[in-house]
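Before any comments, here is the structure.
The values are calculated or read from the model by the stated rules, or taken from the named source; none is laboratory data. Note that the structure is predicted; figures quoted are calculated from it, not measured. As a convention, Cβ positions derive from the backbone with ideal geometry for all residues, glycine included, and neighbour counts pool all protein chains shown.
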Amino acid sequence: MKPYFGGLKDYGLTPAGLDRLGARKVVFSAYLRGLSCPPLLNYPPHERRRRLHEHRRRLHATIDGQYRRLARRFPSAGFRMPRSGWAINGTLPANEMKPLAARSEVQSIFINRIAGLRRKRQTPCNRWFCVWGKVAVQVEGQTRGRVTIEDRFVLVKARGTKGAQRRLSREWRDYATPYLNSDGHAVRWKLVGIEDVYELNDDIIDPRGTEIYSRLRHERMKREYRWDLRAIRK
């Protein structure tokens, strides 16, 4: 498996380019491989808790061993035992980064800083956003009774949430163009508020299925919401 380096693109570098920097100092975070959690779904909850407790005990011992081996192999890195998590910070010459990343204890490395180099300015790019607009169907002269509300979700490409809202300004104005209903009253579908702006995780809209909006909320427990794994294990 090839060593994984994060943050190199910020400097316009590849792993080979990093290696060619020689003795130039690199400040980095190395993420330890740790220990994979065994499958636990086939056990009842109380047994899962016991096995998770045992796994955490073994994980701490594994992390400690991985850290100590790396500290012995790269004494000049100035590693410190992580207080929490699986990352250790250090500093090494650029030409020692690939040997470090190739170690079995290391899962990945993120480059935080390279001495004498500046990060390249990243050109902002357009991303997909879903804008949730709350639209009121307004009828001329209506001041009481029930009003029809439309939740309208519109996809737009922009560089950020504010840009997405700005790009839709004309769309909302056109959408509110008045017309006459069968009774001769003027009607317009008027934007009354932006409920949310949701950034899509995918840059390409896949016709097989692409999530364009997601929101979490809570409801009172119902029978159809219950999940009992015991029926699956039998």
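Key figures
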read-out	value
Residue in region 145-158 that is assigned by TED's automatic domain parsing to the domain that holds L200, part of a loop (DSSP other than H, G, I, E, B) and exposed (fewer than 10 other Cβ atoms within 10 Å of the Cβ) present	yes
Residue within region 171-182 that is in a strand (DSSP E or B), touching a Ser or Thr at 6+ places or on another chain (Cβ under 9 Å), at pLDDT 90 or above and aliphatic (A, V, I, L, M) present	no
Residue count for region 168-201, restricted to those that are of a type in the set (D, E, K, R) and loosely packed, with under 12 Cβ neighbours inside 10 Å	4
Residues located in region 129-186, provided they are of a type in the set (K, R) and free of Cβ contacts under 8 Å to residues at least 40 places away in the same chain	R144, R146, R152, K157, R159, K162, R166, R167, R170, R173
Check on L32, of a type in the set (A, V, I, L, M) and either loosely packed, with under 11 Cβ neighbours inside 10 Å or closer than 30 Å to R230 by Cα (or both)	no
Residue tally, condition within 29 Å of F79 (Cα to Cα), among the hydrophobic types (A, V, I, L, M, F, W, C) and either at pLDDT below 90 or not assigned by TED's automatic domain parsing to the domain that holds P93 (or both), over region 29-58	2
Looking only at region 107-139, and only at residues there that are in a strand (DSSP E or B) and among the charged types (D, E, K, R), the one that is surrounded by the most Cβ atoms within 10 Å (Cβ to Cβ)	R127
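Per-residue answers, yes or no, for (1) modelled with pLDDT of 95 or more; (2) in a loop (DSSP other than H, G, I, E, B); (3) in contact with a Pro (Cβ under 8 Å, 6 or more places away or on another chain):
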| site | (1), (2), (3) |
| --- | --- |
| P3 | no, yes, yes |
| V27 | yes, no, no |
| A61 | no, no, no |
| Y67 | no, no, yes |
| E96 | yes, no, no |
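Residue-wise test of (1) hydroxyl-bearing (S, T, Y); (2) over 18 Å from Q107 (Cα atoms); (3) free of Cβ contacts under 8 Å to residues at least 12 places away in the same chain; (4) surrounded by 13 or more Cβ atoms within 10 Å (Cβ to Cβ).
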position	(1), (2), (3), (4)
L40	no, yes, no, yes
E47	no, yes, yes, no
H55	no, yes, no, yes
A71	no, no, yes, yes
P82	no, no, no, yes
W86	no, no, no, yes
